[in-house]
Amino acid sequence: MRLSTFGPAGTPVSVIGQGTWRLDESRRAEALEALRRGLDAGMTHVDTAEMYGEAEPLVCEAIAGRRDEVFLVSKVLPSNASKARTIAACERSLARLNTDRLDCYLLHWRGATPLAETIEAFETLVAAGKILSWGVSNFDVDDLEDALAIAGEGRIACNQVLYHLQERAIEHAVAPWCEAQGVTVVAYSPFGSGDFPSARTAAGGVLEEIAAEVGATARQVALAALTRRPSVVAIPKASSVAHALDNAAAGDLRLSDAQLERIDRAFPRGPKPRHLPMI
């Protein structure tokens with residue numbers, strides 16, 4: 001598994017990680033085995049959130065006895081983003097995950113609570129050793145600028161955003177801003193949340209053609225294309241062992257410049273949207 005660096009601290013993380021949104025809706029035994037086999041295959045970056053129902057307890061069981069192998073991330077909801085409520089939410093996540101620290105803790109999206117209050121809570125948690133770093137999710141450039149002005153340089157570890165081949169809005173401004181500031185871009189829903197391009201479509205056909213050329217699957221090609229930049233890592237969800245292993249194999253896949261150009265033509269970036277897309 002190819003490694004990337006996470007945030008200004010440069011912590012090594014697997015370029016392909018494991019997302020857990022709606023994983024608790026899958027059959028529990030299969031989901032557990034998928035997470036465990038994903039760890040075995042090198043996908044040690046595991047992302048969860050307090051919003052994800054029973055996902056945190058599921059992750060807890062999957063990583064039992066292996067905590068030190070895992071780069072563990074969770075998120076606080078905007079409704080819990082005051083200083084006191086953020087700290088309390090983090091403690092609850094730590095308890096559900098049965099761990100003494102999170103490698104990174106994120107604000108799930110920006111809400112009504114002043115950002116300075118949330119960042120103060122994050123820094124308090126860092127000082128206490130409860131979290132090793134903090135980041136944000138679903139932040140556009142203006143939100144990132146606000147966070148930078150409050151926290152200063154070198155504090156924002158990541159921005160977790162919607163990013164897949166059919167939704168490349170972050171490439172206009174968000175990804176360049178993050179790259180310039182040493183902020184890791186974490187791509188969630190990298191397969192389009194149930195809308196992966198069919199092989200029967202022209203664009204999907206391009207993925208299939210390239211997959212045949214490199215001895216991979218279309219989904220592996222998509223993940224390799226999304227993570228071509230050193231600043232981007234991806235966290236696809238897998239509810240089966242086969243899917244997990246398919247995802248993990250993308251971590252060692254490199255595409256040629258010519259193949260990436262074909263993918264870019266098949267999946268054009270499109271115009272910059274008024275608002276950053278999110279789901």
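No value in this document is a laboratory result; all are computed from the given coordinates. Remember, it's a predicted structure, so these values are computed and weren't measured experimentally. Glycine also receives a Cβ, built like all others from the backbone with ideal geometry; neighbour counts cover every protein chain displayed.
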If each residue of separation counts as 0.36 nm, what is the full-extension length gain between ILE150 and THR201 once their alpha-carbon separation is subtracted?
13.8 nm
List the aspartates and glutamates whose Cα lies under 20 Å from the Cα of LYS83, skipping any in the same chain that are fewer than 8 positions away.
GLU50, GLU91, ASP100, ASP103, GLU117, GLU120, GLU123, ASP143, ASP146
Please enumerate, by chain and number, the lysines with C-alpha under 29 Å from the C-alpha of LYS237, excluding those fewer than 8 residues away in the same chain.
LYS75, LYS130, LYS272
Pairwise Cα inverse-distance average, inverted: Kirkwood Rh of the chain (Å):
18.8
With +1 on each Lys and Arg Cβ and -1 on each Asp and Glu Cβ, and nothing else charged, work out how big the dipole of the chain is about its Cα centre, in Debye to the nearest 20.
220
Long-range amide H partners of LEU106 with built H, under 5 Å:
SER74, LYS75, VAL76, GLY135
Taking a cut-off of 20 Å, what percent of all Cα-Cα pairs in the range 142-279 are separated by more than that?
48
Students often get this wrong: which residues of the range 219-258 have the backbone nitrogen under 16 Å from the point 7 angstrom along Cα-to-C-beta of SER26?
219-220, 235-250
Along the Cα→Cβ direction, 7 angstrom out, place labels at GLU117 and THR5. What is the inter-label distance in nm?
3.6
Distance between the range 204-279 and the range 149-164 - C-alpha centres, whole angstrom
23
For the range 34-102, state which trypsin sites (Lys or Arg not before Pro) are in a DSSP loop and have at most 15 other beta carbons lying within 10 Å of their beta carbon.
ARG66
Given +1 on the Cβ of Lys and Arg, -1 on the Cβ of Asp and Glu, and no further charges, what dipole in debye does the range 16-128 carry about its Cα centre, rounded to the nearest 20?
160
